[in-house]
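To start, the structure itself, in structure tokens.
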Amino acid sequence: MLTGVVLAGGANRRMKGELKALLPIEGQPLILRQLERMRPLCKEFIVVTNDPKPYLPILDRSIRIITDYFPSQGPLGGMHAALSLAKYPSVWLVGCDMPFISYQAASHMLNRKKDGFDAVVPLIKGGLYPLHGIYDRSCKAPIVTLLQKGETSISSLLHHILWREFTDRSFQENGVEMNFITSIKTMDDYESIQSLL
């Protein structure tokens, strides 16, 4: 069992004021698409945001909307809040700007995590993608230490936990397409993704 977590914070500076999580993708807000894709693997859902108000009208009441305990501390602060309140021992963490998240990829990573790791993170073409990773709730303690030192990136956490990468080759061997790492950073990205659908 997993808790699915969507980090929906961030300033959206390059998005002309639009909230990425609410951008329509195939006729529905991106965040609803993500939660649907998480459903086969997750039994609990958490959305972490600095401003819950825009999400209240569209999210089912069963989805927990929480805010950071450590405000304005980036994705690591959001991750801390989710790990603090997750009911299940592991969370599948994604950013709200990822339209193609893959429960198949997450399922394979979860199986790897069962080998005793605190986290499993995709390593695709030499790049780490911590915002499509599986993390143990025990990661909360080192996150607090990092936040107290001013560290705000999830990548910094990997130096303080026992983690394993899941490589593009491993995904390919398991028949998983690698487009799950795609993210929307700008309106041009959004328009490009729309043209692919």
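The values are calculated or read from the model by the stated rules, or taken from the named source; none is laboratory data. Fair warning: this is a prediction, and the values are worked out from it, not measured in the lab. Because the Cβ atoms are built from the backbone with ideal geometry, glycine has one as well, and the counts that use them run over all protein chains shown.
Worth pointing out:
- Put simply, of LYS140, LYS114, LYS185, LYS125 the only residue that is among the charged types (D, E, K, R), over 13 Å from the mean Cα position of the chain (by Cα) and under 20 Å from ALA82 (Cβ atoms) is LYS140.
- Being surrounded by 14 or more Cβ atoms within 10 Å (Cβ to Cβ) and part of a loop (DSSP other than H, G, I, E, B) is not true of PRO122.
- THR3 satisfies every condition listed in (1) among the polar types (S, T, N, Q); (2) at pLDDT below 95; (3) within 22 Å of ARG137 (Cβ to Cβ) except (2).
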